[in-house]
Amino acid sequence: MSNNEKFRVAVIGLGWWGQTISKLIKNSNVLTLVAGSDLNAQSGRSFTQSLDVDFLPDLAAALADPRIEGVILCTPHTQHGAQMIQAAEAGKHIFCEKPLALHRSEVLAAMAAINARGLTLAVGHERRFEPPIIRAMEMIHSGELGRPLQMEANFSQDKFLNLPPENWRLSAAEAPAGPMTATGIHLLDLSVGVFGPAETMYASVKQLGSSLVNGDTLAILATYKSGGHALISAILATPFVGRFAVYCSQGWVEVRDKSHPEASTGWVLTSCKRGEEVQTVNYPPHPAVLSNLEAFADAAQGRKPYPVPQSQMIANICALEAVVRSTRSAGIEQVEAG
Ligand SMILES: NC(=O)c1ccc[n+]([C@@H]2O[C@H](COP(=O)([O-])OP(=O)(O)OC[C@H]3O[C@@H](n4cnc5c(N)ncnc54)[C@H](O)[C@@H]3O)[C@@H](O)[C@H]2O)c1
């Protein structure tokens, strides 16, 4: 593919993740980074200079730039809904970091604006692009393990322990239910990938092992309309761990991460079918974040539909809202229909 045919994007929000994504795009044969933007012009400009791309003052400037075909939103969570609508109204394809928004109503409004113009929407759930997760999902959905009964998953990390207390990631408005929007949301997304839309959420968040007053330890017991449970754990006060396991009527499959997705060093997939030996497969590192971005470009340029259906994006945010309500009510909350 020649450079001219690459899908031209701008990254909006050049913090931890926006910088991670920008550097990955520089190595892509499918996307090209035209520009970046950040509220902090000084750090944003110096970062874009280091990558030899343009700095733009704000999202509006990126939306007015005819070179830019798609925007990648790496901004705080409360901004996602309005920014998606703004970008859609300017005719740009959208990759939005997770969570797509904090409320179902925002997701529906954004999708209406995006779909009315035939634009592509992609979301930063790169776990779905990890080769062992793809393999586990194939095993689950092909029926070779029987009926999926229960998912157990954990995504924990201690990267936020030294953030200043006023950081947006530690605020109840931007990050309701403590670790939920940081890491728990990836597992909720996978649970929807396994079982489909959720039915109820029972969740508890506590501050047990850190000074993170918004909560550092989250437990969720979820049920799904198709049957099945998920037990989801997300902790911000313990070293990194990533584990995804699904137990089915004829066997089970488990994926363990060797390191944080930021710099993957690979995975171990273990599985067992009734009456057979446990099998273990090592997976080498794979840039799943880049695979997700390239799937966005493939969809926007009409090569292949984006693999995460919008119905599942909506179902994930409906489940998120019920998790947040449950941490506040201390009761079981019904999940709104998509
Ligand atoms: N997919 C993943 O695995 C993953 C990992 C980390 C973060 N994220 C997501 O990425 C997003 C950003 O998180 P982060 O950790 O990089 O946060 P961050 O605070 O490090 O960076 C956010 C940046 O956005 C800038 N910003 C804020 N409002 C802006 C605006 N209106 N226009 C331009 N710039 C603006 C800020 O100045 C800051 O530099 C969040 O949605 C987060 O959940 C995803």
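Nothing in this text is a laboratory measurement; each read-out follows from the coordinates by a stated rule. Remember, predicted model here, so these are calculated numbers, not experimental data. Cβ sites come from the backbone with ideal geometry, for glycine too, and all protein chains shown count toward neighbours.
Taking the DSSP beta bridges in the range 3-125 as the whole, what percent of them are antiparallel, to the nearest 5?
Percentage antiparallel, nearest 5: 0.
I'd like the distance between the alpha-carbon centres of the range 108-153 and the range 268-282, rounded to an integer number of Å.
Here the two parts' Cα centres lie 23 Å apart.
Once the piece of chain linking Ala219 and Gln42 is laid out straight, how much longer is it, given 0.36 nm per residue of separation minus the C-alpha distance between them?
So the extension gain works out to 59.8 nm.
Compare Ile72, Ile85, Ile235 in a GNM of the chain, Cα atoms joined below 10 Å, and give the one with the largest fluctuation.
Per the Cα network of the chain with a 10 Å cutoff, Ile85 tops the list.
So, with +1 on the Cβ of K and R and -1 on the Cβ of D and E, and no other charges, what is the size of the charge dipole of the range 131-184 about its Cα centre, to the nearest 20 debye?
60 debye
How large is the charge dipole for the chain, taken about the Cα centre, if only the Cβ atoms of Lys, Arg (+1) and Asp, Glu (-1) carry charge, to the nearest 20 debye?
The calculated dipole for the chain is roughly 260 debye.
Mind listing the long-range amide H neighbours of Gly266? Cut-off is under 5 Å, sequence gap 5 or more, other chains count too, H placed in the peptide plane at 1.01 Å from N.
Lys258, Ser259, His286
Could you pull out every one of the lysines with an alpha carbon less than 19 Å from that of Lys98, ignoring same-chain neighbours closer than 8 positions?
Lys23, Lys159
Based on DSSP H runs of at least 4 residues, each adding -39500 (n - 2.57), what is the mean residue ellipticity at 222 nm of the chain after dividing by all its residues, to the nearest 500 deg cm²/dmol? Kindly include the intermediate steps, with their values, before the conclusion.
On the way: 9 runs with 106 residues, N = 338.
Computed ellipticity for the chain at 222 nm equals -9500 deg cm²/dmol.
Across bins of 10 angstrom width beginning at 0, how are the C-alpha pair distances of the chain distributed, in whole percent?
In whole percents, the pair-distance histogram is 6, 25, 34, 25, 8, 1, 0.
Just check the range 200-266 against the gyration tensor rule for me: Cα atoms, a ≥ b ≥ c as the square roots of the eigenvalues, rounded for a/c under 1.5, and otherwise prolate or oblate depending on whether a/b exceeds b/c.
oblate
Of Leu290, Thr327, Gly13, which is farthest towards the positive pole of the chain's charge dipole, taken about the Cα centre with +1 and -1 on the beta-carbons of Lys, Arg and Asp, Glu respectively?
Going by the Cα projections, it comes out as Leu290.
Of the residues Val71, Val107, Val268, which exhibits the maximal mean-square fluctuation in a Gaussian network model of the chain defined by a 10 Å Cα contact cut-off?
Comparing Val71, Val107, Val268 in the GNM, the peak value goes to Val268.
How much length would be gained if the chain were fully extended between Lys258 and Glu138, taking 0.36 nm per residue of separation minus their Cα-Cα distance, in nm to one decimal?
Between Lys258 and Glu138, full extension yields an extra 41.1 nm.
Let me check against my output: what whole-number percent is the relative contact order of the range 3-125, with C-alpha pairs under 8 Å and at least 6 apart?
Rounded, it is 22 percent for the range 3-125.
When only C-alpha pairs under 8 Å and at least 6 residues apart count, what is the relative contact order of the chain, in percent?
Relative contact order comes out at 17 percent.
Classify the range 279-338 as rounded, prolate or oblate from the Cα gyration tensor: take a ≥ b ≥ c as the square roots of its eigenvalues, call it rounded if a/c is under 1.5, otherwise prolate when a/b beats b/c and oblate if not.
Oblate shape, in that a/c is at least 1.5 and b/c is the bigger or equal ratio.
Compute the whole-percent fraction of alpha carbon pairs in the range 22-167 spaced more than 26 Å apart.
Cα-Cα pairs of the range 22-167 separated by over 26 Å account for 41 percent.
Sorted by mean Cβ packing within 10 Å, highest first, what order do the peptides 288-301, 199-212 take?
The densest-packed peptide leads the list: 288-301, 199-212.
Provide Cys272, Cys248, Cys96 in ascending order of the number of other Cβ atoms located within 10 Å of each residue's Cβ, fewest first. Please list the in-between numbers first.
Details: Cys272 17, Cys248 22, Cys96 28.
Result, fewest neighbours first: Cys272, Cys248, Cys96.
Restricting to bridges with both residues inside the chain, how much of the DSSP beta-bridge set is antiparallel, in percent to the nearest 5?
Around 65 percent antiparallel, to the nearest 5.
FRET efficiency for Lys206 and Ala60, Cβ-Cβ distance as r, R0 = 51 Å, nearest 0.05?
Calculated value: 0.80.
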